[in-house]
Amino acid sequence: MDTTPAVSVRGPAEAGAAPRRPRAAAPWSGGAALAAVLAALLLPLWPALRISDAGETIGHLSLAEGERLTIAYVHSIDGLPIEEDLRVRDGRLVVEATRVRQFGAGMGHIPGEGTGRADGRWWVVEGIDRDIGPELVIRVGAPAVDHRLRTPREEVRLSPCLAARPVAVAPVRASALQLLWGGSPEPEC
């Protein structure tokens, strides 16, 4: 019979120290997480276009760097559609291309600004690269002119409610709340 006393190996908690409790989260950690979520929702981090009427913001359209904004309308004289493509570059709007069905009053290719080519029923002038600044003001045409702003995800019709009014379009940084719950940029009549 073995009379050797049993030896046990104990950790510090078992060797007379009080047992360890699970570590509680620091009281400020929940507050820090809430602050981080609020900051992500409220800080103007996301590229967008602000649409304004007489200085009052109508709403925002999400538009990532490099995405296209198209201004579409019907020419008031010849009654044919026109589309102008812009991009945001370094916080400024730059005209890249114009599409028209035929040359009308004030339309067509300007020597030294891009190159023109036929594309089906459209005449397209590409490579315009005209910097128009940090804001574009559109004098909205009558309902028959049907001024529209189009991004890859959304289209806003301006003419039904804002005919003859100056509407400003400007690249900005918007918060997630402005983009998600700021209301549609579709003007209300």
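In the range 113-125, the residues that are basic (K, R) reach residues that are assigned to a strand (DSSP E or B) with C-beta atoms within less than 9 angstrom, at least six apart or across chains, in these pairs: R117/W123; R117/V124; R117/V125; R117/E126.
If you go through the range 112-142 and keep only what is assigned to a strand (DSSP E or B), aliphatic (A, V, I, L, M) and either touching a helix residue (DSSP H, G or I) at 6+ places or on another chain (Cβ under 7 Å) or crowded, with 16+ Cβ neighbours inside 10 Å (or both), you end up with V124, V125, I128, L136, I138.
Residues to consider are V156, V145; find the one that is touching a strand residue (DSSP E or B) at 6+ places or on another chain (Cβ under 9 Å), farther than 23 Å from A48 by Cα and surrounded by 16 or more Cβ atoms within 10 Å (Cβ to Cβ).
Details: V156 fails: farther than 23 Å from A48 by Cα.
Just a single option satisfies the conditions, and that option is V145.
Residue by residue, here is whether (1) modelled with pLDDT of 90 or more; (2) farther than 19 Å from V125 by Cα; (3) of a type in the set (V, I, T) holds:
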{"residue": "S52", "(1), (2), (3)": "yes, yes, no"}
{"residue": "G55", "(1), (2), (3)": "no, yes, no"}
{"residue": "L61", "(1), (2), (3)": "yes, yes, no"}
{"residue": "R68", "(1), (2), (3)": "yes, no, no"}
{"residue": "D78", "(1), (2), (3)": "no, no, no"}
{"residue": "P81", "(1), (2), (3)": "yes, no, no"}
{"residue": "L86", "(1), (2), (3)": "yes, no, no"}
{"residue": "R89", "(1), (2), (3)": "yes, yes, no"}
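Considering the range 163-178, and only residues there that are farther than 19 Å from P134 by Cα and exposed (fewer than 15 other Cβ atoms within 10 Å of the Cβ), the residue that is modelled with the lowest pLDDT turns out to be L177.
Looking only at residues in the range 56-72 that are over 19 Å from V94 (Cβ atoms) and in contact (Cβ under 8 Å) with a residue 24 or more places away in the chain, the one that is farthest from the chain's Cα centre (by Cα) is I58. Within the range 151-166, none of the residues are without any contact (Cβ under 8 Å) to a residue 12 or more places away in the chain, among the aliphatic types (A, V, I, L, M) and assigned to a strand (DSSP E or B).
The values are calculated or read from the model by the stated rules, or taken from the named source; none is laboratory data. This is a predicted model, so every value here is computed, not measured. Counting neighbours? That spans all protein chains shown, and the Cβs are built from the backbone with ideal geometry, glycine included.
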